[in-house]
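See below for the structure under consideration.
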Amino acid sequence: MTPLIFTRIAEGFQAAADGMDATVEGLVKDARPAVASGVCRAGDLVAQGARSQPLLAATLPFALRGLRDLRPDFAPGDLFVGNDPYAGGSSLADLRMFAPLFAGDEVLFFAGNAVRYADLGGRAVGGFSPGATDVRQEGVRVPWMRLGDRAGGMELADLLAANARFSDGLRTLLWAQVAGLDAGLGRLRGIVERYGAEVVREAEAEMGRRARAQMAKGIADLPDGRYAFEDVLDGDGVRDRGVRLVVGAEVAGDRLRLSFEGSDWPCVGPLNGAGGLTEAACRVALRHLFPEVPAHTAAFEAVEVVLPEASFVNARAPQPVSGATEVAGRVAEAVIAALAQADPARAGAGSFASACHVSLHGRAEGFGDYLMTLSLGGGLGACIRGDGLTNGCGVSTVGEMPSLEGLE
């Protein structure tokens, strides 16, 4: 395999992920802030869309592992969908889909995407229920389901629409996700047909080796030692007391150990995140610290994440999780703050690490249900490369103002 062929295949993976994002965005107005697409192999993320929401993209390999653990058998034409927070997901509002690409009898790659829905049922509109004490109060939990054909997708759409407040928009977004996977599979199929499965496998393995080496070098450049950071989150929506978040970072050569021992127990309210989401947030943080490292999962083989058995950063069913993205954002900030002590030049100043979420919902005569959501960041800290950003979002999401036309 020549360097030119390697580059073309690597760029092809990136184009496939970007194409999936573009397909969903093109079919659904204002889906941009909460879409992520990726090319996966086995349980690894190979490439993610350049415009993908970082945290959603980082969860894709954990979601795929959850799928493979539950349903290890795949067939051509399969389409899998689920939103289980405890099987690689985040909150019930985030629906993930995967479709396999075969080379003969072998699953070569998966096209995958994740999209945040405005409403999937539950006691509160918009996917966030501040007073929830059980995940069953937050919406419809979809375990990994195989949709062997598009007719199966119609049945799932009917099920979700019957529980959601905005059935038409839900159906549109669901089919946009399917179309995104089809676009990604088409691009991946073209790569395999052009270069052959063996060469493509070799190129993907080389991408992993390079990502692994780059992350190992970045960690090795940090001074060996132990670093720590502690944060407190304001209540969990049910109990009016702080929630303690502790992260310890140990650098030893080209290895990094991140431990969350000492963090608080699971919250009664929805300020919980499953273990996969916490680890995904750690990866988002590390990619901020080492932006030269590709998204390939192999980069994180040098990183060990230790989670307490019972903690709000390692939630188990049926603990509520509609505030999971808030937890993930604070986790990412805490990891950056801990490692900033090792190399301040790589880390930016802390951000607000949260957001102001405004949701207006009602029912108008002759129109039906309506919903307006607006999320505004509280500010992003400065770094060696530039000033901070007033009202910028946290490090786990994307810094883009929502469409004012869409809000109107």
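Only the coordinates and a few stated rules stand behind these numbers; no lab work does. Predicted, not measured: the structure shown is a model, and the values here were computed from it. Here the Cβ is made from the backbone with ideal geometry for all residues, glycine too, and neighbour counts use every protein chain on show.
Which distance in nm do the two modelled labels at Ala349 and Leu389 give, with both placed 7 Å along the Cα-to-Cβ direction?
According to this spin-label approximation, the distance is 1.6 nm.
Taking loop as defined by DSSP and a crowding limit of 15 other beta carbons within 10 Å, which GluC sites (Glu not before Pro) in region 299-382 fit?
Glu309, Glu365
Can you tell me how much longer the chain between Arg241 and Glu301 gets when fully stretched, taken as 0.36 nm per residue apart minus their C-alpha distance, in nm with one decimal?
My answer for the length gained is 18.0 nm.
Please turn the phi angles of region 358-365 into ³J(HN,Hα) values with the Karplus equation 6.51 cos²θ - 1.76 cosθ + 1.60 (θ = phi - 60°), one per residue in order, whole Hz, x for glycine and proline.
10, 10, 10, 9, x, 9, 9, 4
What is the distance in Å between the Cα centroid of region 259-288 and that of region 26-101?
If we compute the Cα centre of each part, the gap is 19 Å.
Is there a quick way to get the dipole size of the chain? I mean about its Cα centre, with the Cβ of Lys and Arg at +1 and of Asp and Glu at -1; what is the value in debye to the nearest 20?
200 debye
Under a 5 Å amide H to amide H cut-off, with H placed in plane at 1.01 Å, what residues pair with Ala47 once short-range neighbours are removed?
Placed amide hydrogens put Val39 under 5 Å from Ala47.
Pull up all non-local amide H partners of Val305: gap of 5 or more, or a different chain, and H-to-H distance under 5 Å with H placed in the peptide plane.
Under 5 Å from the amide H of Val305 lie the amide H atoms of Leu258, each far enough along the sequence or on another chain.
Along the charge dipole of the chain, pointing to its positive end and built from +1/-1 on Cβ of Lys, Arg, Asp and Glu, which listed residue (Val306, Ile219, Ala176) has its Cα farthest out?
Most positive-ward Cα: Ile219.
Extension gain Leu27-Ala317, at 0.36 nm per residue separation less the Cα-Cα distance, in nm?
Separation in residues times 0.36 nm, less the Cα-Cα distance, equals 101.0 nm.
Using packing as a proxy for protection, rank 385-394, 288-297 so that the peptide with the highest average count of other Cβ atoms within 10 Å comes first.
288-297, 385-394
Using θ = phi - 60° and the Karplus form 6.51 cos²θ - 1.76 cosθ + 1.60, what ³J(HN,Hα) does each residue of region 119-135 get, whole Hz, x for Gly and Pro?
Karplus values, whole Hz, x for Gly and Pro: 6, 10, x, x, 6, 10, 6, x, x, 10, 10, x, x, 5, 10, 8, 4.
Separation between the Val232 and Thr7 pseudo-spin-labels, each 7 Å from Cα along Cα→Cβ, expressed in nm?
With each label point 7 Å from Cα toward Cβ, the separation is 5.4 nm.
Amide H neighbours of Phe109 under 5 Å, counting only residues 5+ apart in sequence or on other chains, H built in-plane at 1.01 Å?
Leu101
For Asp134, Asp236, what's the fewest-to-most ordering of other Cβ within 10 Å of each Cβ?
Asp134, Asp236
Can you pull the one-decimal nm distance between simple spin-label points at Asp254 and Asp369, each 7 Å off the Cα toward Cβ?
5.2 nm
Going by C-beta contacts inside 10 Å, put Cys282, Cys383 in order with the fewest on the left.
Cys383, Cys282
What is the calculated FRET efficiency for Ala213 to Gln341, with r their C-beta to C-beta distance and R₀ = 25 Å, to the nearest 0.05?
About 0.50, to the nearest 0.05.
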